[in-house]
Amino acid sequence: MITVKEATRLINTTIRDFGVEEVTLGNSLGRVLAEDLKSDRDLPPFDRVMYDGIAIRYEDYAKGQRSFPILGVQAAGAPRAAAEAEGNCVEIMTGAVLTIGFDTVVQYEWLEIKEGVATIRPGYTIQKGRHIHPKGMDHQQGEVIVKQGCIITPAEISIAATIGQTKIWVRRLPTAAIISTGNELVDIGETPEPHQIRRSNVYAIAASLGGYNVQVDILHIDDEEEEIRAKLEMSLAAYDVVILSGGVSMGKFDFIPQVLDELGVEKLFHKVAQRPGKPFWFGQTDSCIIFALPGNPVSTFMGTIRYVLPWLRRCLGLEGMTRQYARLQEDFSFDKEMQYFLSVKKVNHADGTTWAQPMKGNGSGDLANLARIDGFLELPMDTAFFPKGSAWPLWEFR
Ligand code: AMP
Ligand code: MG
């Protein structure tokens, strides 16, 4: 049996690069950006007017002029015009190019317009260049606006769109098979006999990977050695990652570790000093990574959140993501020589700190408890008493 720390280290030795691919902007949400986004022109691309009003020369205002004959209108979307600027103004709209000759905008709110003359109301002071967003102020043409390696959110989509990227390079995702094992399992659309249960775990794993847009195939194997051998052999050849649930404990029909061994998979570990999820098995071939998680629903879920998703994030170059911590809302004791993953509900306090309310549930089979929690607080194995207020890593899944 190895420690959680050692298991994590071994998993991190198997990080693989699945390459890159180009997708349409509309399909890029949630993917990992694999190119720097550079502005194709200055941002803003012209001296952009920020309010509806008039454009004047500051110099005229500084000399005491308050009433300005209106020469015309500059609308958004019209090419940049020139005007006999001295002593005059143009009406100008938000998003328009500043008319040549002018340098300052006064909002309609501060104007009285009568018979073709705009007069600035008393009590309003003007600074030169007001309400103009100057060309190139945010970014120069060719400058990197977003560095590669981040998850594409609506913010990155907005930036990619403004620089005209109809397509975008993203990290390729691994192909994944998620396999349930066990004679007691039926698919979720079937009506289970009294001795059967629905194979919910594979849907939980699929949904977790779905958060990163990984497309998965969901398979099932009965506790039958030959069937396990045949289906595993096929899966190891066909997928970048195989995630199994169940069949890795000490039971008479837990054939998975033995068959993986016979198929030549390199075992990196079996059994981790943790609760839940002790019988966790992990290995690799040249082309495939295998996470074989114990079948208890909370164990499978915790294993996915704590091991599979961090592995995936590293493969996608996202290891720099900030770790979260939370403080215990109440004292907690656990005196086994094991790392304990405590089911907790997150509580945000008004002073800005994050706390964790223990929600123990009825052990690793109590999957309904998952709906009451936000994540798992990782409590180290060398400590038995964890006082209220002590802070520990939080593996949040919401
Ligand atoms: P095992 O790890 O195969 O010994 O299974 C441990 C427990 O988890 C048993 O009660 C199984 O019925 C249950 N279990 C195994 N696989 C699944 C699954 N895909 N969905 C829900 N429960 C499962
Ligand atoms: Mg089983």
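The values are calculated or read from the model by the stated rules, or taken from the named source; none is laboratory data. Keep in mind the model is a prediction, meaning the values are calculated, not measured. Here the Cβ positions follow ideal geometry from the backbone for every residue, glycine too, while neighbour counts run over all protein chains shown.
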Revision key, fill the gap. In the set S200, S235, S249, S245, the lone residue that is within 13 Å of ligand 1 (Cβ to nearest atom), farther than 24 Å from M1 by Cβ and over 21 Å from the mean Cα position of the chain (by Cα) is S200
Review point. For D103, all conditions in the list (1) crowded, with 16+ Cβ neighbours inside 10 Å; (2) closer than 30 Å to E319 by Cβ; (3) acidic (D, E) hold save one; what is the number of the exception?
Key: (2)
Review point. Across the stretch 270-291, what is the number of residues that are away from ligand 1 (no atom under 11 Å from the Cβ) and surrounded by 17 or more Cβ atoms within 10 Å (Cβ to Cβ)?
Key: 13
Study note, to complete from the structure: Counting only strands (runs of 3 or more DSSP E) entirely within the stretch 280-398, those with at least 3 residues that are in contact with a helix residue (DSSP H, G or I) (Cβ under 8 Å, 6 or more places away or on another chain) and of a type in the set (S, T, Y) are none
Exercise for review: Would you check which residues across the stretch 170-197 are among the β-branched types (V, I, T), part of a strand (DSSP E or B) and more than 16 Å from ligand 2 (Cβ to nearest atom) and list them?
Suggested key: V170
Exercise for review: Answer with yes or no whether A160 is over 30 Å from V308 (Cβ atoms), more than 16 Å from ligand 1 (Cβ to nearest atom), of a type in the set (G, A, S) and buried (at least 17 other Cβ atoms within 10 Å of the Cβ).
Suggested key: no
Review point. When the stretch 115-160 is examined, which residues are found to be out of contact with any strand residue (DSSP E or B) (no Cβ under 7 Å at 6 or more places or on another chain) and of a type in the set (V, I, T)?
Key: T125, T153, I157
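Quick grid of which residues meet (1) assigned by TED's automatic domain parsing to the domain that holds D222; (2) part of a strand (DSSP E or B); (3) modelled with pLDDT of 95 or more; (4) more than 24 Å from L185 (Cα to Cα):
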position: I243; (1), (2), (3), (4): yes, yes, yes, no
position: V259; (1), (2), (3), (4): yes, no, yes, no
position: G264; (1), (2), (3), (4): yes, no, yes, yes
position: F269; (1), (2), (3), (4): yes, yes, yes, yes
